[in-house]
Amino acid sequence: MHFVLIIGPQAVGKMTVGQALARLTDFVLFHNHVTIELVRGLLSLDKAEGWALAKELRMSVFRHFARSGQAGMIYTGVWAFDEPGDRLYYGDILALWREECPEVEIYIVELEADLATRLARNRTENRLLHKPSKRDFEWSDSDVRESDEKHRLNSLPGEITEPNYLRLNNTNMSAGEAAQAIVQKFKLAQSAADE
């Protein structure tokens, strides 16, 4: 079993790279907006209860998937490195995977791109198709900018200590190129359809 965690700022291309990686491997993509879009129809994400439900749903999905015997999962998320709660949250995710599936191979991919590129990607058709909450451009563009000002959304050198770690500046890379770089770095088996 493989677990690929793709992190990086909003609109850096995590989901799109995850989609391309899923096509190259037999891994399932579970991007963070699957739960965000579900929960926002039930509870406000401006309140702690909404985020608590999203996190509980994610942990439940991880737990069940880790026991499924499938090839692997790709999960995406934003990690605010200046927020101690985010370090605990991602630590809990990795601990759950190791507990539920001791043979799991964990890979962390950190994407980075400049703000202008991310603002352009914030409006792509693919992003808007899978993330309805991003369709309010005024709010969404503002959220990308404000998060960039308020938080440190990429790690410092040496901050991520997992052995299977890759940092990619994908400003000038297609999602397919980024996915191929991930496959090559970690020597991931490609699906039969893509070999």
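The values are calculated or read from the model by the stated rules, or taken from the named source; none is laboratory data. This structure is a prediction, so every number in the text was calculated from the model and none was measured. For neighbour counting, all protein chains shown are included, and Cβ atoms are generated from backbone atoms with ideal geometry for every residue, glycine included. Ligands, DNA and RNA are excluded from the accessible area calculation, which covers all protein heavy atoms including side chains. Shrake-Rupley method; radii C 1.70, N 1.55, O 1.52, S 1.80 Å.
Return the residue satisfying two criteria in turn: it lies in the stretch 66-78 and is touching a residue at least 24 places away in the same chain (Cβ under 8 Å) and open to solvent by 20 Å² or more (accessible area, probe 1.4 Å), and of such residues it is nearest to Phe3 (Cα to Cα).
Initial filter on the stretch 66-78 (touching a residue at least 24 places away in the same chain (Cβ under 8 Å)): 66-67, 69-78.
Adding the requirement that they be open to solvent by 20 Å² or more (accessible area, probe 1.4 Å) leaves 67, 69-71, 78.
Details: Arg67: 12, Gly69: 12, Gln70: 11, Ala71: 9, Val78: 16 Å.
By that ranking, first place goes to Ala71.
So which of Gly91, Gly85 ends up being modelled with pLDDT under 95, open to solvent by 20 Å² or more (accessible area, probe 1.4 Å) and in a helix (DSSP H, G or I)?
Values: Gly91 fails: modelled with pLDDT under 95.
From the options Gly91, Gly85, the qualifying one is Gly85.
Restricted to the stretch 94-113, and to residues that are open to solvent by 70 Å² or more (accessible area, probe 1.4 Å) and either touching a Phe, Trp or Tyr at 6+ places or on another chain (Cβ under 8 Å) or touching a residue at least 24 places away in the same chain (Cβ under 8 Å) (or both), which residue is farthest from Glu149 (Cα to Cα)?
The selected residue is Glu103.
Return a yes/no flag: does the stretch 46-56 have any residue that is of a type outside the set (Gly, Ala, Ser) and either buried (at least 20 other Cβ atoms within 10 Å of the Cβ) or in a loop (DSSP other than H, G, I, E, B) (or both).
Our first condition is that a residue be of a type outside the set (Gly, Ala, Ser); within the stretch 46-56, this holds for 46-47, 49, 51, 53, 55-56.
Subset that is either buried (at least 20 other Cβ atoms within 10 Å of the Cβ) or in a loop (DSSP other than H, G, I, E, B) (or both): 46-47.
Taking every residue of the stretch 46-56 in turn, at least one turns out to be of a type outside the set (Gly, Ala, Ser) and either buried (at least 20 other Cβ atoms within 10 Å of the Cβ) or in a loop (DSSP other than H, G, I, E, B) (or both).
Could you grab me the full set of residues in the stretch 19-45 that are part of a helix (DSSP H, G or I) and in contact with a strand residue (DSSP E or B) (Cβ under 7 Å, 6 or more places away or on another chain)?
Filtering the stretch 19-45 down to residues part of a helix (DSSP H, G or I) leaves 19-24, 33-40.
Across the stretch 19-45, the qualifying residues are Gln19, Leu21, Ala22.
Which of the residues that make up the stretch 94-121 are in a helix (DSSP H, G or I) and either closer than 15 Å to Lys14 by Cβ or touching a Cys at 6+ places or on another chain (Cβ under 9 Å) (or both)? Write out each step before concluding.
Pass one, the stretch 94-121, residues in a helix (DSSP H, G or I): 94-100, 115-121.
Thr117, Arg118, Arg121, listed by residue number.
Across the stretch 32-45, what is the total count of residues that are open to solvent by less than 70 Å² (accessible area, probe 1.4 Å) and charged (D, E, K, R)?
Residues meeting the conditions: 1.
Say we look at the stretch 166-180 and pick out the residues that are of a type in the set (Gly, Ala, Ser) and open to solvent by 30 Å² or more (accessible area, probe 1.4 Å); which of these is nearest to Ala116 (Cα to Cα)? Working first, answer last.
Start the filter on the stretch 166-180 by keeping residues that are of a type in the set (Gly, Ala, Ser), which leaves 174-176, 178-179.
From what is left, the residues that are open to solvent by 30 Å² or more (accessible area, probe 1.4 Å) are 174, 176.
Numbers: Ser174: 16, Gly176: 20 Å.
Looking at residues that are of a type in the set (Gly, Ala, Ser) and open to solvent by 30 Å² or more (accessible area, probe 1.4 Å), I get Ser174.
Does Leu29 satisfy being within 26 Å of Lys185 (Cα to Cα), open to solvent by less than 20 Å² (accessible area, probe 1.4 Å) and within 13 Å of the chain's Cα centre (by Cα)? Lay out the reasoning, then the answer.
Details: within 26 Å of Lys185 (Cα to Cα): yes; open to solvent by less than 20 Å² (accessible area, probe 1.4 Å): no; within 13 Å of the chain's Cα centre (by Cα): yes.
No: the conditions fail for Leu29.
Given the criteria touching a Pro at 6+ places or on another chain (Cβ under 7 Å), closer than 23 Å to Ser155 by Cα and not aromatic (Phe, Trp, Tyr), does Val109 qualify? Give the steps one after another, and end with the answer.
Values: touching a Pro at 6+ places or on another chain (Cβ under 7 Å): no; closer than 23 Å to Ser155 by Cα: yes; not aromatic (Phe, Trp, Tyr): yes.
No: the conditions fail for Val109.
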